[in-house]
Each structure stands twice: as structure tokens, then as C-alpha cells.
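For reference, the structure discussed in these notes is given below.
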Amino acid sequence: MDTNEEKRRIARAGYRIKGQAKYRDKFFKGEIINFSLTGFLFSSDAVIDVCEGEKLIILFQWDQEIRDMVSEITCTVIRKVKNILGLKFDVIDYDTLMYLKEKLIDITGDENKINDAFIQFIIGNKG
């Protein structure tokens, strides 16, 4: 396990889903390339002129089985490397958080670890 993985207490999963970043009233197409209960790694073909510490909104449509559901999550940029943004959730609605929790369980297969991380997230121990 590498050092970055050891520092993370909340599970992260590779999962690609198309989305958009909204920054200063402009939309940038891209995709979420991995996620946790606390943030996303978002990749865009365009280089978004945003700095670490700034806020933006990520919009994405849920899986095919829930076509009408679109989530909008306010995030802070915690890392930027060219066209890839490391984002921390600032504001996330309950349905989206539960969707991400269930998707993490599906992908990792470790329900106990995800549920423990979820409880820590809810009580404010965000790791």
C-alpha cells in the first residue's frame, strides 16, 4: 500500500461517470474518474482556470436506472494538475451521499468499512 493510500481512512473507488464542472457561470464537460464519501477526482478535456481553494459545482447524472436524477455538488478544489481536479465536497444532498455510499459498497465489496467511514463522515470526523 503506498503512502497516499495509508493516509486515507475513507475508501476511494475508480468509477467513471460523465459530468460537468460549473465555474464562474461557465460549464466544462468532463468525467468523474474516482470518488469517495468526501470528494471526487474530476477530469476535463479543457483546462479549467481555477485555483486550489476555490469553489465550483460538479453536476452529474446518475446511472441509467435512475435517468431523471441529476446531482449538483458544491466542491472546493484541493489539488489541480493540468486538466485534473481533486475536489472535496462542501455541500452534498442526502440522496447523492446515499447513492455514493451504495456505489462504494458495490465497487469495493467492503460494506463494513464503508459503513464505518460513512458514520465517521456523518459525525464530522472526515479523516
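Each row is one residue, and each column tells you yes or no for (1) among the aromatic types (Phe, Trp, Tyr); (2) at pLDDT 95 or above; (3) farther than 15 Å from GLU31 by Cα.
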site: ASP45; (1), (2), (3): no, no, no
site: ILE48; (1), (2), (3): no, no, no
site: LYS55; (1), (2), (3): no, yes, yes
site: ILE58; (1), (2), (3): no, yes, no
site: TRP62; (1), (2), (3): yes, no, no
site: ARG67; (1), (2), (3): no, no, yes
site: VAL77; (1), (2), (3): no, yes, yes
site: LYS82; (1), (2), (3): no, no, no
Which of the residues belonging to region 42-57 are touching a Lys or Arg at 6+ places or on another chain (Cβ under 8 Å) and in a strand (DSSP E or B)? SER44, LEU56, ILE57
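Conditions (1) farther than 22 Å from ASN115 by Cα; (2) surrounded by 13 or more Cβ atoms within 10 Å (Cβ to Cβ); (3) touching an Asp or Glu at 6+ places or on another chain (Cβ under 8 Å), marked per residue:
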position	(1), (2), (3)
GLN20	yes, yes, no
LEU41	no, yes, no
GLU52	yes, no, no
ARG79	yes, no, yes
So which residues in region 1-41 are over 12 Å from ILE84 (Cα atoms), within 13 Å of the chain's Cα centre (by Cα) and either modelled with pLDDT of 95 or more or part of a strand (DSSP E or B) (or both)? ALA13, GLY14, TYR15, ARG16, ILE17, LYS18, GLY19, GLN20, PHE35, GLY39
Considering only region 68-77, how many residues are of a type in the set (D, E, K, R) and either surrounded by 13 or more Cβ atoms within 10 Å (Cβ to Cβ) or in a strand (DSSP E or B) (or both)? 1
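The values are calculated or read from the model by the stated rules, or taken from the named source; none is laboratory data. Only a predicted model underlies this, so the values are computations on that prediction, with no experimental measurement involved. Counting neighbours? That spans all protein chains shown, and the Cβs are built from the backbone with ideal geometry, glycine included.
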